[in-house]
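Asks: A single structure is presented below for examination.
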Amino acid sequence: MTPDLQSFALSVVVPDQVIRGTAVEVRPQIGGRDVVAEVFDEGPGEDPRYLLFADGPLHAHGSPREVRLAEATCTEGCCGALYVTIHRDGDQVVWGAWRNPDEDEVELPEFRFDAQQYQAEVERATLDRSWEWPARTVARLLEEELRQCTGWLERWECELGSVSAWLWEPDQINLFLFHPGRAAIKNDRPWLQFRMTLGISDDDPAAQADQLVEELTASDPRVAADVCGGSPEFARQLGYPWPQRHRM
């Protein structure tokens, strides 16, 4: 490591103290420093699902890519977020052009890393799932499999939103669907979001994911799900009851 280059490491932090809203965070370490913590304390680092996946945003390319590393708990629009621009420069990777929409300036310099060491660390962190709890693993595997089953959702005019596992609900996962799809939102057409809650055990996560795929793709997923988004008028137009808990 030359004097001009910094060491680079990534860690995934799962908090010991869990309350509703507790987040799993990706924490970059530059030269042994948690630089995100140094300049941003309004909220957690980004979740691994948004940063650590094949060819994810932390991978460096010749074209600069701006990446959000942290967001305020009350949302970016309220109290800001921390962004960095990443690009490959020959045999080096550069992190610079730090930005927080809620601040005039972020007091961090440009950092340079050895490209081979940097890429190896991103790949290592992406493959390391030792931090996951069973429900989180099932959620990840289930979402990967369901995204390959496009015919199932097209048949029922649905689009997969996400499959989430939250720390404060360790024994379940939540599957979100859009009907007829996200495009309806953009095109100002009626749409609904559905939520399905699925119980998870300590059994083999891969086997549970496979079983859930078999069960879910056997029928219309909307029958076993609850409406959780949209509007009463959209529900009426699409032929679904609006949940009692959403009524004023």
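Asks: Scan region 1-42 residue by residue and report those that are among the polar types (S, T, N, Q), part of a loop (DSSP other than H, G, I, E, B) and more than 16 Å from the chain's Cα centre (by Cα).
Replies: First pass over region 1-42, keeping only residues among the polar types (S, T, N, Q): 2, 6-7, 11, 17, 22, 29.
Subsequent filtering for residues that are part of a loop (DSSP other than H, G, I, E, B) retains 2, 6-7, 17, 22.
Answer for region 1-42, where residues must be among the polar types (S, T, N, Q), part of a loop (DSSP other than H, G, I, E, B) and more than 16 Å from the chain's Cα centre (by Cα): Thr2, Gln6, Ser7, Gln17.
Asks: Further question on the same structure: Among what's in region 204-236 and is of a type outside the set (Ser, Thr, Tyr) and without any contact (Cβ under 8 Å) to a residue 12 or more places away in the chain, pick the residue that is farthest from Asp171 (Cα to Cα). Can you show your working first?
Replies: As a first pass, look at region 204-236 and keep what is of a type outside the set (Ser, Thr, Tyr): 204-216, 218, 220-230, 232-236.
Filter once more, keeping what is without any contact (Cβ under 8 Å) to a residue 12 or more places away in the chain: 204, 207, 211, 214-215, 218, 223, 236.
Working: Asp204: 14, Ala207: 16, Gln211: 16, Glu214: 20, Glu215: 19, Ala218: 24, Val223: 22, Arg236: 33 Å.
Ranking the qualifying residues of region 204-236, first place goes to Arg236.
Asks: Answer yes or no as to whether Arg182 is of a type outside the set (Val, Ile, Thr), open to solvent by 50 Å² or more (accessible area, probe 1.4 Å), over 30 Å from Pro15 (Cα atoms) and modelled with pLDDT of 95 or more. If you could, list the steps in order and put the result at the bottom.
Replies: Details: of a type outside the set (Val, Ile, Thr): yes; open to solvent by 50 Å² or more (accessible area, probe 1.4 Å): yes; over 30 Å from Pro15 (Cα atoms): yes; modelled with pLDDT of 95 or more: no.
Considered against the rule, which asks whether it is of a type outside the set (Val, Ile, Thr), open to solvent by 50 Å² or more (accessible area, probe 1.4 Å), over 30 Å from Pro15 (Cα atoms) and modelled with pLDDT of 95 or more, Arg182 comes out as no.
Asks: Moving on to the next point. Within region 214-224, identify whether any single residue is more than 19 Å from Gln148 (Cβ to Cβ), charged (D, E, K, R) and either in a strand (DSSP E or B) or open to solvent by 60 Å² or more (accessible area, probe 1.4 Å) (or both), and answer yes or no.
Replies: No: zero hits.
Asks: Given the conditions (1) in a loop (DSSP other than H, G, I, E, B); (2) free of Cβ contacts under 8 Å to residues at least 12 places away in the same chain; (3) over 30 Å from Phe194 (Cβ atoms), and given that Arg129 satisfies all but one, which numbered condition is not satisfied?
Replies: Answer for Arg129: the failing condition is (3).
Asks: Please go through region 44-69 and give me each residue that is of a type in the set (Gly, Ala, Ser) and at pLDDT 95 or above, ordered by number. Even if it seems obvious, please write down each step before you answer.
Replies: First, pick out the residues of region 44-69 that are of a type in the set (Gly, Ala, Ser): 45, 54, 56, 60, 62-63.
Gly45, Gly56, Ala60, Ser63, listed by residue number.
Asks: Moving on. Of the numbered conditions (1) surrounded by 14 or more Cβ atoms within 10 Å (Cβ to Cβ); (2) in contact (Cβ under 8 Å) with a residue 60 or more places away in the chain; (3) of a type outside the set (A, V, I, L, M, F, W, C), Arg20 fails exactly one; give the number of that condition.
Replies: It fails just one condition, (1).
Asks: Going through region 47-83 one residue at a time, which ones are surrounded by fewer than 17 Cβ atoms within 10 Å (Cβ to Cβ) and small (Gly, Ala, Ser)?
Replies: Across region 47-83, the qualifying residues are Ala54, Gly56, Gly62, Ser63, Gly77.
The values are calculated or read from the model by the stated rules, or taken from the named source; none is laboratory data. What you are looking at is a predicted structure, and each value in this text was computed from that prediction instead of being measured. FYI the Cβ positions are ideal-geometry reconstructions off the backbone, even for glycines, and counts take in every protein chain you see. To get the accessible areas, we keep the full protein, side chains included, count just its heavy atoms, and leave off ligands, DNA and RNA. Shrake-Rupley method; radii C 1.70, N 1.55, O 1.52, S 1.80 Å.
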